[in-house]
Amino acid sequence: MKKSLSMSARKTREAYCFILPAFVYILFVLGYPLLYNVYLSLRDVDVKNLTKGGDVFIGLKNYADLFGNATFRLVLKNTFVFTIACLVFQFTIGFALALFFYQKFSLSGPVRGLLLVSYMIPMSVTGLLGKNIFSNAGLVNNLLSKIGIIGPEWLVNTSTAMIAVIIMNCWVGIPFNMLLLISGLTNISPDVYESASIDGANWIQRFAHITVPLMKGSMLSVLMLGFIYTFRAFDLMYIMTAGGPLNSTDVLGTYSYMLSFTQYKFSMGSAVAMVLFACLFVVGLFYLRLLVKEEED
Amino acid sequence: MKKRLLVAGAAVMAMMAASMTANAEPTEVTLWHYFDASADKEAIVEWVDEYNSIQDDIHITSTYVSRTELMNQYTVGALSGELPDIGMVDSPDMASYISLGVFEDITDQLEEWGELDQFYPGPLTSCKDPDGRIYGLPQNTNCLALACNMDLLEAAGYDHMPASLDEFKEMVAATTNPDDGVYGFAMCCISTEEGTFQLLPWLRSASGGEGVNVDNLTAESAVNGLTVLGDFVSNGYMSKECVNWTQSDAFNQFAAGKAAFAEVGTWHLAMTDAINGAFNYDFCLLPTGDEGTSTSTIGGENFGVCSGAADVDACVDFLEWMCSKEKEAEWAVVAGKIPTRQDSEAEYTYETDGFDVFVEEMNYAQARGPHAEWPSISEAIYTAAQSVFVDGTAPADALAAAMEKITPIVEETPLP
């Protein structure tokens with residue numbers, strides 16, 4: 001008895017040794033910057049005292065100032081509008097394409113591969129493309145004029161700039177969603193569909209009662225990954241609109257960068273980054289809970 | 001034993017000799033710049049090679065880093081200490097980097113040099129902190145003037161360039177031709193420092209009396225200036241896309257014949273090949289106010305020695321060589337800029353009349369700041385203009401909103 005106990009104790013110790021490198025890695029690579037960011041966001045570090053010192057602890061004043069600032073509230077709203085709109089469109093269109101390309105027809109493989117091109121292009125290039133496509137005399141307005149519609153000044157108006165940015169992001173996000181959802185579809189055994197067909201289920205019933213329930217895990221993963229990926233968007237806006245006009249396409253990522261690196265309000269920039277982190281953290285917790293619940297089921 | 005001693009002695013001698021040669025090796029020095037036009041990009045490499053060949057104290061390696069990336073490197077380097085030895089910086093940004101501790105105080109070395117009084121006060125001030133200590137030298141300077149498409153002016157019935165704001169308004173309206181896609185005026189109002197650079201002449205104009213600085217933008221003359229630009233946009237005389245245009249985009253509109261007038265920088269004189277004889281053009285002072293007055297903004301790049309540089313004195317020697325009387329004149333011609341020294345005489349070989357206009361305009365050109373929080377002031381200014389152009393906000397309200405941001409900044413640390 002005693003022997004087996006010490007065996008298990010040794011095994012536990014060994015297990016901790018295996019965890020240690022990952023733990024140290026997380027501590028330094030993730031923990032340190034995060035804690036430093038929290039520290040910065042609670043002080044008043046700016047261009048005047050970054051290197052000279054003299055910055056003081058001001059508690060949550062930066063956060064209070066941020067939420068009292070109309071621009072920040074707009075930026076926060078933009079971030080959610082951008083993320084939710086992108087998720088809705090890229091998920092539904094991505095799912096539809098996944099179902100379509102899951103059908104085995106000739107050329108379905110190569111066409112699926114081609115669709116991935118937009119996902120493989122670096123975001124900065126996508127941003128430049130978007131800037132050209134949506135300029136006043138760009139491709140979109142040119143095509144619209146062919147069917148007799150005078151297109152809006154996409155990137156100049158505060159009401160349309162966000163739409164243009166969302167379209168460009170979906171262009172990248174749709175193939176990404178499609179790819180992940182197809183791999184989810186391939187995990188469903190064809191036998192299930194076959195027996196359902198024999199029982200007389202039509203395609204709507206098969207979709208609602210077989211595909212959706214069995215895809216729940218993949219769908220949640222895709223939505224969560226999509227949320228995290230979209231919520232921290234930066235490069236697309238930075239290149240395509242620089243957050244403008246008038247902050248209409250500014251999101252938390254670009255706003256934090258602007259505060260820290262253009263205006264040297266380091267503490268304020270950190271506070272924005274913390275808000276970004278907090279939002280993602282909540283979503284992450286939610287996702288973990290769902291995963292645990294699924295495992296229990 | 002004796003033999004062994006001899007060998008050991010020889011070895012010691014050889015090591016000493018080797019270390020002496022090592023001492024004679026020039027110190028390796030890095031220089032970061034963001035010159036990206038073909039002329040100045042090549043010139044900086046040639047100049048560094050030339051300097052490396054005429055002295056043995058330092059060996060400079062020049063590296064191109066894009067402007068935005070270079071700015072980020074300075075900000076990060078302020079904390080981490082990873083900075084080049086010599087660095088280039090846009091003049092309005094210098095005050096912030098001095099405050100961040102990016103540059104060495106080289107006042108003593110420069111005073112010993114004894115040529116500081118030759119530099120124009122505007123560009124030199126941008127290298128100073130509020131106490132008057134100097135952290136670099138202005139390497140080139142420039143300002144803004146008006147480029148005019150003389151063919152379009154003639155077609156609209158004018159045989160001269162505008163001399164006052166009122167005349168300019170009239171001409172911009174007359175030269176606009178939507179059927180041909182020609183706008184009267186093109187300028188850059190992008191949401192970066194470039195936008196502020198081009199907006200300031202209109203906001204600080206001397207119309208109906210005295211001009212004002214950015215700590216008093218609710219003054220009548222500033223509101224009037226922004227109203228004129230806002231009316232250009234709302235009447236369709238200027239494209240609303242100016243809020244996304246960089247200065248080179250605005251110049252390209254002019255060069256393509258899509259704008260009768262454009263607000264252009266001195267450096268564009270080195271790029272007039274783009275027009276390629278398609279139309280007659282000329283330059284005049286920016287007509288920002290009453291007849292006989294003009295306002296412009298000083299631009300230009302400074303070079304400083306970064307904190308922790310390998311050999312500060314030798315790096316200062318390089319700056320002094322680079323900004324010497326002869327070299328200043330040479331650079332101005334190569335890069336299409338204006339020398340920062342009164343004793344440098346640039347002998348331009350192209351667009352000589354154009355350069356005359358810009359040199360005269362320098363008399364009316366005003367500095368931005370210097371102020372450590374200039375980027376925040378700048379943001380308030382371009383945001384005000386964009387809200388007028390994009391959202392149709394009343395200019396007086398937009399500038400009042402800008403002043404709400406600017407006033408606390410200048411109350412804490414006043415503008416010089």
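The values are calculated or read from the model by the stated rules, or taken from the named source; none is laboratory data. Here the structure is a predicted model, which means the values were calculated and not measured. Quick reminder, even Gly has a Cβ in these numbers, built from the backbone with ideal geometry, and neighbours come from all protein chains shown.
A few remarks follow.
- Checked across the stretch B:100-107, the condition of being of a type in the set (S, T, N, Q) and more than 28 Å from B:Ile409 (Cβ to Cβ) holds for no residue.
- The stretch B:178-269 holds helices (runs of 4 or more DSSP H) entirely within its bounds, and those carrying 1 or more residues that are β-branched (Val, Ile, Thr) map to B:193-203, B:220-234.
- Members of the stretch A:52-68 found to be outside any helix (DSSP H, G or I) and either more than 14 Å from chain B (Cβ to nearest Cβ) or touching a strand residue (DSSP E or B) at 6+ places or on another chain (Cβ under 9 Å) (or both), listed by number: A:Asp55, A:Val56, A:Phe57, A:Ile58, A:Gly59, A:Leu60
- Scan of the stretch B:89-126 for residues that are in a helix (DSSP H, G or I) and aliphatic (A, V, I, L, M), ordered by number: B:Met94, B:Ala95, B:Ile98, B:Leu110, B:Leu116, B:Leu124
- You will find that of A:Leu114, A:Leu107, A:Leu97, the residue that is under 17 Å from A:Val172 (Cα atoms) and loosely packed, with under 12 Cβ neighbours inside 10 Å is A:Leu114 and no other.
- The listed residue being touching a Phe, Trp or Tyr at 6+ places or on another chain (Cβ under 8 Å) and at pLDDT below 95, out of B:Val233, B:Val228, B:Val243: B:Val243
- Checklist (1) in a helix (DSSP H, G or I); (2) of a type outside the set (A, V, I, L, M, F, W, C); (3) in contact (Cβ under 8 Å) with a residue 12 or more places away in the chain applied to B:Glu170, failing item: (3)
- The criterion of at least 1 residues that are more than 28 Å from B:Val182 (Cα to Cα) and of a type outside the set (A, V, I, L, M) is met by the following helices (runs of 4 or more DSSP H) wholly inside the stretch A:104-218: A:108-115, A:117-120, A:123-133, A:158-186, A:190-198, A:203-206.
- Filter result (hydroxyl-bearing (Ser, Thr, Tyr), crowded, with 24+ Cβ neighbours inside 10 Å and under 18 Å from B:Asp215 (Cβ atoms)) within the stretch B:336-388: B:Ser378, B:Tyr382
- Unmet criterion (only one of (1) over 22 Å from the mean Cα position of the chain (by Cα); (2) within 14 Å of chain A (Cβ to nearest Cβ); (3) crowded, with 16+ Cβ neighbours inside 10 Å) for B:Met403: (2)
- Failed condition for A:Thr71, given (1) among the β-branched types (Val, Ile, Thr); (2) out of contact with any Leu (no Cβ under 8 Å at 6 or more places or on another chain); (3) closer than 24 Å to A:Val275 by Cα; (4) more than 14 Å from every other protein chain (Cβ to nearest Cβ): (4)
- Check on B:Thr393, within 11 Å of another protein chain (Cβ to nearest Cβ) and in a loop (DSSP other than H, G, I, E, B): yes
- Subset of the stretch B:301-330 [surrounded by fewer than 24 Cβ atoms within 10 Å (Cβ to Cβ) and either among the aliphatic types (A, V, I, L, M) or in contact with a Lys or Arg (Cβ under 9 Å, 6 or more places away or on another chain) (or both)]: B:Ala310, B:Val312, B:Ala314, B:Val316, B:Leu319, B:Trp321, B:Met322, B:Ser324, B:Lys325, B:Ala329
- Qualifying residue in the stretch A:194-205 (condition: surrounded by fewer than 20 Cβ atoms within 10 Å (Cβ to Cβ) and either within 11 Å of chain B (Cβ to nearest Cβ) or of a type in the set (Asp, Glu) (or both)): yes
- Meets criteria (at pLDDT below 95, within 14 Å of chain A (Cβ to nearest Cβ) and assigned to a helix (DSSP H, G or I)) for B:Asn23: no
Here's the yes/no breakdown for (1) away from chain A (no Cβ under 14 Å); (2) touching a residue at least 40 places away in the same chain (Cβ under 8 Å):
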position: B:Thr227; (1), (2): yes, yes
position: B:Phe232; (1), (2): yes, yes
position: B:Ala256; (1), (2): no, no
position: B:Asn276; (1), (2): yes, no
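- Taken together, the residues in the stretch A:238-277 that are hydrophobic (A, V, I, L, M, F, W, C), at the interface with chain B (Cβ under 10 Å from one of its Cβ atoms) and outside any loop (DSSP other than H, G, I, E, B) amount to 5.
- The residues in the stretch B:78-91 that are buried (at least 21 other Cβ atoms within 10 Å of the Cβ) and either within 12 Å of another protein chain (Cβ to nearest Cβ) or among the polar types (S, T, N, Q) (or both) can be counted, and the count is 3.
- Of the residues B:Asp313, B:Asp317, B:Asp391, the single one that is within 19 Å of B:Val48 (Cα to Cα) and touching a helix residue (DSSP H, G or I) at 6+ places or on another chain (Cβ under 8 Å) is B:Asp313.
- Selection status of B:Glu210, under 27 Å from the mean Cα position of the chain (by Cα), assigned by TED's automatic domain parsing to the domain that holds B:Glu379 and either buried (at least 17 other Cβ atoms within 10 Å of the Cβ) or aliphatic (A, V, I, L, M) (or both): no
- Residues (over 27 Å from B:Thr266 (Cα atoms) and touching a His at 6+ places or on another chain (Cβ under 8 Å)) located in the stretch B:95-142: none
- The condition of being over 27 Å from B:Pro201 (Cβ atoms), in contact (Cβ under 8 Å) with a residue 24 or more places away in the chain and not aliphatic (A, V, I, L, M) holds for only one of B:Asp290, B:Asp282, B:Asp317, that being B:Asp317.
- Within this structure, B:Pro408 fails the test of being within 14 Å of chain A (Cβ to nearest Cβ), assigned to a helix (DSSP H, G or I) and surrounded by 22 or more Cβ atoms within 10 Å (Cβ to Cβ).
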